[in-house]
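Presented below is the structure to which this report refers.
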Amino acid sequence: MSNPTATSAPQDQSEQASSASPRLIRIFDTTLRDGEQSPGASMNLAEKLEVAGLLQEMGVDVIEAGFPIASPGDFASVKKIAETITESTICGLARCSDKDIDAAADAVAPAKRSRIHVFLATSAIHREFKLRMTPDEIVERAVAGVKRARNRCDDVEFSPEDACRTEYDFLCRVVEAAIDAGATTINMPDTVGYTTPREIYDRFMMVRNRVPNIDKAILSAHCHDDLGMAVANSLAAVEAGAGQVECTINGIGERAGNAALEEIVMALKTRSDFYHCNTAIDSKRLVPASRLLSKTTGIQVQRNKAIVGRNAFAHESGIHQDGMLKERSTYEIMSPEDVGFSKTDLVLGKHSGRAALADRAKTLGFSLTPEQLVAVFEQFKLLADKKKEIYDGDIIALVQQKISGS
Ligand code: KIV
Ligand code: ZN
């Protein structure tokens, strides 16, 4: 569905023009690593394997399967996923330490395509208070970590943790050194969900413009949702040339969570006229993935959650329902079938109109005369004032009452 008033993302920073083929954005899913760091979201091996299988079927490019040094269980599940999954790259997280990197390397070794994701904090706050290291020591350790990892897997990703609060000059210095050491993906995380869309856009553009060897690496965004801007920030990074986005199913993750995979994918798809990008994700698997994760973790998404929430394609107001019955694009910018729902839900409640009631009655097998419809509608409104939601059983009872009584 297109929007005639749509504008396009500025073209200066990306290679694609609106006529050129769309730029492919790699989806790096970290549900099994950062997502599992969500309080209450821990999963056992069998559960992780099931989620990994669905991520593979969905077309996820990279699955971050865990943090192998964290526990024997984490190591075992990353290894099992690496042995089982064949279509996605399997990634293990490691701090810049020999023990971490060796554990990650051993765990991802069986993968058809393996990645080690090494990270080291770079912001002044982390350098001074957490690591107690000088900038020179940080660069030295980042380079050593990337070099060690590069000989033990197919490709290395490096993350300057807290990149979005790191001084520009120092960030450029670390990024350049990590690429020289062999990192082919540079992820610039907004570790504490602090940045804004305009700010992250500027930061990514700055790195692209100032780091001389940047073309040897893919830039990646990894945004947390502390201020509710993880998806908007990720998309702004894409506008600034990021070629990979890190995200999780249902947006689970540390604290307020990570950018939600389903929202990123559908924003890029629905607004391809603006972003000129696509992903390899089969969007019809978004709802099944969301449900599997909720079932596995016990963490339900709110009803109005974008894309996968129960209300995401539900319309209650009479005006909207009437529009929908005439032409879906009046109030729907995506179709529910596209994300894996079976259909649009015209919910009957006190805001609903006659058109929706007639439509539901027809679906339930009743063809009402105009007079019958008026009478049923009157009773329906009285009932709707008393109940939050009207079910099919209520409609059947009202119609049968009226038909047998008339
Ligand atoms: O949020 C973060 O900085 C992380 C890193 C490990 C990439 O999750
Ligand atoms: Zn994170």
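Filter region 82-103 for residues that are within 12 Å of ligand 1 (Cβ to nearest atom) and of a type in the set (Gly, Ala, Ser); which is nearest to residue 60 (Cα to Cα)?
92
Quick check, is residue 277 farther than 18 Å from residue 30 by Cα, surrounded by 22 or more Cβ atoms within 10 Å (Cβ to Cβ) and of a type outside the set (Phe, Trp, Tyr)?
yes
I need the full set of residues from region 208-244 which are away from ligand 1 (no atom under 16 Å from the Cβ) and surrounded by 24 or more Cβ atoms within 10 Å (Cβ to Cβ), in order please.
235, 236, 238
Among the listed residues 163, 232, which satisfies the condition of being at pLDDT 95 or above and away from ligand 2 (no atom under 15 Å from the Cβ)?
Answer to the check: 232.
If we scan region 263-286, do we find a residue that is touching a strand residue (DSSP E or B) at 6+ places or on another chain (Cβ under 8 Å) and within 16 Å of ligand 2 (Cβ to nearest atom)?
yes
Of all residues being modelled with pLDDT under 95, in contact with a helix residue (DSSP H, G or I) (Cβ under 9 Å, 6 or more places away or on another chain) and farther than 23 Å from residue 220 by Cβ in region 23-70, which is surrounded by the most Cβ atoms within 10 Å (Cβ to Cβ)? Just the residue, please.
Checking each candidate, the answer is 42.
Name the residue that is nearest to residue 283 (Cα to Cα), counting only residues in region 301-327 that are polar (S, T, N, Q) and surrounded by 15 or more Cβ atoms within 10 Å (Cβ to Cβ).
Only one residue tops the list, namely 321.
Counting just the residues of region 328-337 that are free of Cβ contacts under 8 Å to residues at least 24 places away in the same chain and touching a helix residue (DSSP H, G or I) at 6+ places or on another chain (Cβ under 6 Å), which one comes out surrounded by the fewest Cβ atoms within 10 Å (Cβ to Cβ)?
The selected residue is 330.
Look at residue 14 and say whether it is away from ligand 2 (no atom under 16 Å from the Cβ), at pLDDT below 95, assigned to a loop (DSSP other than H, G, I, E, B) and closer than 24 Å to residue 260 by Cα.
Yes.
So, in region 245-256, of the ones that are of a type in the set (Val, Ile, Thr) and out of contact with any strand residue (DSSP E or B) (no Cβ under 6 Å at 6 or more places or on another chain), which residue ends up nearest to ligand 1 (Cβ to nearest atom)?
Taking the candidates together, the pick is 252.
Against the condition under 27 Å from the mean Cα position of the chain (by Cα), surrounded by 12 or more Cβ atoms within 10 Å (Cβ to Cβ) and without any contact (Cβ under 8 Å) to a residue 12 or more places away in the chain, how does residue 340 come out, does it pass?
Answer is no for this residue.
State all residues of region 163-183 that are out of contact with any Lys or Arg (no Cβ under 7 Å at 6 or more places or on another chain) and more than 25 Å from residue 89 (Cβ to Cβ); if no residue qualifies, say none.
Within region 163-183, 165, 166, 167, 168, 169, 170, 171, 173 meet the criteria.
Which members of region 185-206 meet the condition of being away from ligand 1 (no atom under 16 Å from the Cβ) and either of a type in the set (A, V, I, L, M, F, W, C) or under 24 Å from residue 35 (Cβ atoms) (or both)?
Selection gives 196, 197, 205, 206.
Wholly within region 38-135, which helices (runs of 4 or more DSSP H) include no fewer than the required count, namely at least 1 residues that are of a type in the set (A, V, I, L, M, F, W, C) and farther than 25 Å from residue 286 by Cβ?
72-84, 98-108
Here is a check on your reading of the model: is residue 163 aliphatic (A, V, I, L, M), away from ligand 1 (no atom under 13 Å from the Cβ) and surrounded by 24 or more Cβ atoms within 10 Å (Cβ to Cβ)?
So residue 163 does not fit the description; no.
If we scan region 335-356, do we find a residue that is over 19 Å from residue 390 (Cα atoms), part of a loop (DSSP other than H, G, I, E, B) and touching a His at 6+ places or on another chain (Cβ under 7 Å)?
no
Among (1) free of Cβ contacts under 8 Å to residues at least 12 places away in the same chain; (2) surrounded by 21 or more Cβ atoms within 10 Å (Cβ to Cβ), there is one condition residue 131 misses while meeting the rest; what is its number?
(2)
Please determine whether any residue of region 374-395 is touching a residue at least 12 places away in the same chain (Cβ under 8 Å), surrounded by fewer than 12 Cβ atoms within 10 Å (Cβ to Cβ) and over 30 Å from residue 262 (Cα atoms).
Scanning region 374-395, I find at least one residue that is touching a residue at least 12 places away in the same chain (Cβ under 8 Å), surrounded by fewer than 12 Cβ atoms within 10 Å (Cβ to Cβ) and over 30 Å from residue 262 (Cα atoms), so the answer is yes.
The values are calculated or read from the model by the stated rules, or taken from the named source; none is laboratory data. Just so we're clear, the structure is a prediction, and the values are computed from it rather than from any experiment. Cβ: placed from backbone, ideal geometry, glycine included. Neighbour counts: every protein chain shown.
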